[in-house]
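Input: a single structure, listed below in structure tokens.
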Amino acid sequence: MQSFAKPRALEPLRPLAVHLPSMSYVDVKMRWKKDASFDAVPVLSRARDLRPLVSLARLLSPSPTPVSVVSKLRSSLETPDRRVTSFLRRFPAAFVESVGPEHNLPWFRLPDAAVHLLREERDVFAAGRADVTGRLRRLVLMCPRRRLPLRVAQGMLWHLGIPEDYFKDPDHDIAQDGFRILTSGDGVTCQDDDGRELGLIGDGKGKEMPLSVLQLNAMRKFGSVAKVPVPLFQSKGLRLKRKIQDWLEGFQRLPYVSPYEDFSHINPGSDVSDKRAVGVLHELLSLFVTCSAERRRLLCLRKHLGLPQKFHLVFERHPHVFYLLLKEKTCYVVLKEAYMAGGDTAIEEHPMLKVRKKYIELMEQSQEIIRCRRNRKPIELQSMVSCSGDIEDCTEILS
């Protein structure tokens, strides 16, 4: 029987490459390599104790204060020790203990060195206020909405070197730095739980966006931002496979998207999106005092900076850019460029870094005092913090 159906013309198949997304994501895994040089940096190795120490110093006074005043604030201070009293006793150079008038309860006061450091910290912020608050402004400009929940911004103040009462004390007058606090009654829809967000006066519209650190590095080397490579610093003893080296070379040739630019046109599953995440985290860490932070502290910034869901894998994929410092069951992310580039970088030293280092000296002196007490021997402490504010050589005999 003859079929009356007309034969259907066969359409030529389209080439498979047309259906594949360009610059697709390449899954690369690199093993973690320990670098003892970062473990030897005091400002990094003692970062976990530094923040609660400074917070307690702000709560105490030169006159003796009962420990019960600050013991109830342990959760907000985030002291590693289970008891605040144990933490205070670990640093006798920063907190002087005495016996209270009743019930033999411990009382603590600040020595002259700690009082001076608190005063110096306020003076440094007042002198470099434009630089320090400008880092917070850059963080807000990195957000696509040009706004950041106030509780998230509050958590970043320590890393940015800004006093933690910056938003609470009206004497700081955040309006002179170009900030404003938005609420639900301002005619905007605040996405934060308590209805408060940190915004910019004028929302930063009509103003030129700043250049990132990577773009400034490219300007210094090439004179333009047409090509923006990411500085790589290989760890000692870490050898890469040939295919990973080829991937790194291709990664450097990918187009660079500034953290302050619109990224809505980027495919989230591409290597270009991965390079943008590297650039955002690089710029973020370069704003911090020590160019480092706890990895868990950065999780709250994910959706506000437009980072991927599992952006923490970026630190593992790029060990030449970031170093993961594992210390006391805590993981810190360190920007390698700030510590290994020397003077060949556009990263500027934070004004508050010198003050933090002086706090570290008090912590190191505390170890010497405790060791002396255990051995029941006098000790000579070098480079004590003087009342004039400088680090000078002197000797103190402790019994």
Report summary line: Hits in region 323-351: amide N under 15 Å from the 7 Å Cα→Cβ extension of ARG220, namely 336-350
Report task. Report the label-to-label distance for ASP171 and LEU353 in nanometres (one decimal), using points 7 Å from each Cα along the Cα→Cβ vector. Result -> 2.9 nm
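For every other residue with a beta carbon closer than 11 angstrom to the beta carbon of GLY250, add +1 if it is Lys or Arg and -1 if Asp or Glu, then tell me the sum.
0
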Query raised in the report: Near the amide H of ARG196, under 5 Å away, which other amide H atoms are found, from residues 5 or more places off or on another chain, if H is placed in the peptide plane?
Result: LEU150
Query raised in the report: If you find the alpha carbon centre of region 235-290 and of region 56-101, how far apart are they in angstrom?
Result: 43 Å
Report task. Can you spot the lysines whose alpha carbon is less than 17 Å from LYS236's alpha carbon? Ignore those fewer than 8 places along the same chain. Result -> LYS33, LYS34, LYS336
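Bear in mind these aren't lab numbers, they're just calculated from the coordinates by the rules spelled out. Treat the numbers as computed from the prediction; the structure is a model and nothing was measured. All Cβ positions, glycine included, derive from the backbone under ideal geometry; neighbour counts span all protein chains shown.
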